[in-house]
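The values are calculated or read from the model by the stated rules, or taken from the named source; none is laboratory data. This is a predicted model, so every value here is computed, not measured. All Cβ positions, glycine included, derive from the backbone under ideal geometry; neighbour counts span all protein chains shown.
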């Protein structure tokens, strides 16, 4: 079926959503069974394509679920997405689901896509299932003018390959052109540290496309050796991307040791396919600047590099020196981490603030709702908190009947300060966004602008 023939009922397929769904589903299901799971997405892929999003996701999740279901404890399942070919209007994408499960016989493979087909080896009894999923998946892929193929060895595992042709959105065309013309990363040099060679090579291709000079190593030890070698010769990296989960030395320990060598000027990013909330505090202490989710997309890398460039340009512009004083001002500090609370409280009190604290968003909302008009001059709110997060709390505060509910400055704090996080905080009614670890001068400047700005 040609793209123009299905344009009437086409949807925009968001590859990031597919990847997140595949990652979350894979890790949750695999964890229950004790199966290792890996999700690899080529960063050169666009965020959006034209295609039937719902049906494509149905196919991928069905095959992925089957792979995990038929893989025993201690086995491994891998999901990968890559771009095989691209033109101005379309792209050929390939999705591969590989497992080390029970495998299938050649005789059964010949009829695998027949409805209600199940190999008679006791698998149905052991693992369940009706045998309809693959027949439906094959039908969907055929309708999308795609191809699905399977290779399997009994007792060793299976590999499903799904090839589809999707359209290129006008937004992606525009973004691609803008990236080429407006952004210049050619002066930046980057080191990628990951024990997965395929991830490193994929990152190299993307960074090269962005005009960035880059090299890679496959361990934390090699990264330290390479950085020491260059630093002795007065040669430097501007950015270091490090995978969290690595053998021998993990990403946080690698970052900690690298920070001792490179000092504060180099941006260090931890990449992880896991939930990074659990390592946020440890990463900050180790000197990590940003946390980035895997699989990596080109847009995420561009966002990170743009952020770094923006910060460095700001540093070049000398700000007006102000001896910030906030005597007589009161602030509500909302933070669930006790250490972070003490540090922030100290920074605020030293400049004259009277500080009241709340351990979660719900408590902050309760305290503000009971306060008199003008009691608080600002609210400093962490985004990630239990019971009620900062986004929900900010939105609820804006909807309260307090006379100053719409006007009080609410400033977000988070360790992940990419563009989408900033937009989410703004949508929730927050006025500004500060990246953790909090820089005192930036904190004071932001509070000064909002508290005293309207009085000038």
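General remarks:
- Selection count, region 349-362, where residues are in contact (Cβ under 8 Å) with a residue 24 or more places away in the chain and either within 19 Å of residue 451 (Cα to Cα) or assigned to a helix (DSSP H, G or I) (or both): 9
- Only one of 139, 152, 158, 105 that is at pLDDT 85 or above, more than 31 Å from the chain's Cα centre (by Cα) and buried (at least 19 other Cβ atoms within 10 Å of the Cβ): 152
- Scanning region 245-271 for residues that are part of a loop (DSSP other than H, G, I, E, B) and more than 21 Å from residue 36 (Cα to Cα) returns 263, 264, 265, 266.
- The residues on offer are 272, 254, and the sole one that is in the same structural domain as residue 187 (by TED's automatic domain parsing), at pLDDT below 90 and in contact with a helix residue (DSSP H, G or I) (Cβ under 9 Å, 6 or more places away or on another chain) is 272.
- Selected residue (criterion: nearest to residue 211 (Cα to Cα)) from residues of region 277-305 that are part of a loop (DSSP other than H, G, I, E, B), touching a helix residue (DSSP H, G or I) at 6+ places or on another chain (Cβ under 7 Å) and modelled with pLDDT of 75 or more: 288
- Looking only at region 384-400, and only at residues there that are within 23 Å of residue 329 (Cα to Cα) and in contact with a helix residue (DSSP H, G or I) (Cβ under 8 Å, 6 or more places away or on another chain), the one that is surrounded by the most Cβ atoms within 10 Å (Cβ to Cβ): 393
- Subset of region 228-244 (residues that are in contact (Cβ under 8 Å) with a residue 40 or more places away in the chain and outside any strand (DSSP E or B)): 236, 237, 238
Let's see how each residue does on (1) closer than 17 Å to residue 264 by Cα; (2) touching a strand residue (DSSP E or B) at 6+ places or on another chain (Cβ under 7 Å); (3) outside the structural domain of residue 283 (by TED's automatic domain parsing):
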site: 195; (1), (2), (3): no, yes, no
site: 203; (1), (2), (3): no, yes, no
site: 206; (1), (2), (3): no, no, no
site: 210; (1), (2), (3): no, no, no
site: 220; (1), (2), (3): no, yes, no
site: 225; (1), (2), (3): no, no, no
site: 238; (1), (2), (3): yes, yes, no
site: 241; (1), (2), (3): yes, yes, no
site: 249; (1), (2), (3): no, no, no
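- Hits in region 187-227 - residues which are loosely packed, with under 14 Cβ neighbours inside 10 Å and more than 28 Å from residue 80 (Cβ to Cβ): 187, 225
- Candidates 372, 349, 423, filtered to the one that is in contact with a strand residue (DSSP E or B) (Cβ under 8 Å, 6 or more places away or on another chain) and surrounded by fewer than 16 Cβ atoms within 10 Å (Cβ to Cβ): 349
- Scan of region 405-451 for residues that are modelled with pLDDT of 80 or more and either assigned by TED's automatic domain parsing to the domain that holds residue 301 or assigned to a loop (DSSP other than H, G, I, E, B) (or both), ordered by number: 405, 406, 407, 408, 409, 428, 429, 430, 431
- Residue within region 161-173 that is outside any loop (DSSP other than H, G, I, E, B), in contact with a strand residue (DSSP E or B) (Cβ under 9 Å, 6 or more places away or on another chain) and modelled with pLDDT under 60 present: yes
- Complete set of residues in region 55-77 that are in contact with a strand residue (DSSP E or B) (Cβ under 7 Å, 6 or more places away or on another chain) and surrounded by fewer than 19 Cβ atoms within 10 Å (Cβ to Cβ): 76
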